[in-house]
Amino acid sequence: MKSANNQQNGRVFAMQQVIKKLRNDDLNQGYCFMIFDDGLPEGQAYYEYPDGDIHIEEVDKDNLDIPRIVVKVLTKKEIASLKEKHEVFQ
């Protein structure tokens with residue numbers, strides 16, 4: 001049983017590392033990075049931008065020109081709190 005737990009923990013760690021690399025690659029290339037959070041309503045996610053801003057945005061399936069609606073721009077304090085909460089920022 002211990003071996004299965006170690007294997008599972010190794011997979012989780014590896015997956016976290018891949019996600020962190022994708023985040024860094026996206027931001028370094030000038031793209032935003034989407035972060036899902038179960039605490040947000042369905043259809044909403046956090047979007048981190050290369051300049052450090054983070055928005056809560058909602059997908060607008062009816063608008064192909066502007067497919068996301070900005071629900072809220074997080075304050076610096078809210079961003080700091082979010083970064084403590086999500087593993088991808090560690």
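The values are calculated or read from the model by the stated rules, or taken from the named source; none is laboratory data. Quick caveat, the model's predicted, so the values are computed rather than measured. Note that each Cβ is placed from the backbone with ideal geometry, even for glycine, and that neighbours are counted across all protein chains shown. When the accessible area is computed, the model is the full protein with side chains, heavy atoms only, and any ligands, DNA or RNA have been set aside. Shrake-Rupley method; radii C 1.70, N 1.55, O 1.52, S 1.80 Å.
Using the alpha carbons of the chain, what is the convex hull volume per residue in cubic angstrom, as a whole number? Write down the numbers at each step before the final one.
On the way: hull volume 11.6 nm³, N = 90.
Taking only Cα atoms, the chain has a hull volume of 129 Å³ per residue.
Could you tell me how many degrees, from 0 to 90 and to the nearest 10, lie between the Cα long axis of helix 2-28 and the main elongation axis, the longest principal axis, of the Cα atoms of the chain?
Helix 2-28 sits roughly 30 degrees off the main axis of the chain.
Of all the accessible heavy-atom surface of the chain, with the other protein chains kept in place and a 1.4 Å probe, what percent is carbon and sulfur? If you can, show how the numbers build up before the last one.
Details: 3620 of 6810 Å².
Carbon and sulfur together cover 53 percent of it.
Within the chain, count lysine pairs with alpha carbon atoms under 29 angstrom apart where the residues are 8 or more positions apart or belong to different chains.
For the chain, qualifying lysine pairs total 22.
How high is the FRET efficiency between E78 and Q16 when r is their beta carbon distance and R₀ equals 22 Å, given to the nearest 0.05?
Values: r = 23 Å, r/R0 = 1.04.
The computed FRET efficiency comes out at 0.45.
Heads up, I need the accessible area for F33: 1.4 angstrom probe, whole protein in place, Å², nearest 10.
Surface open to solvent at F33 totals about 20 Å².
Using only Cα atoms and rounding to the nearest 10 degrees, what angle (0 to 90) does helix 76-85 make with the longest principal axis of the chain?
30 degrees
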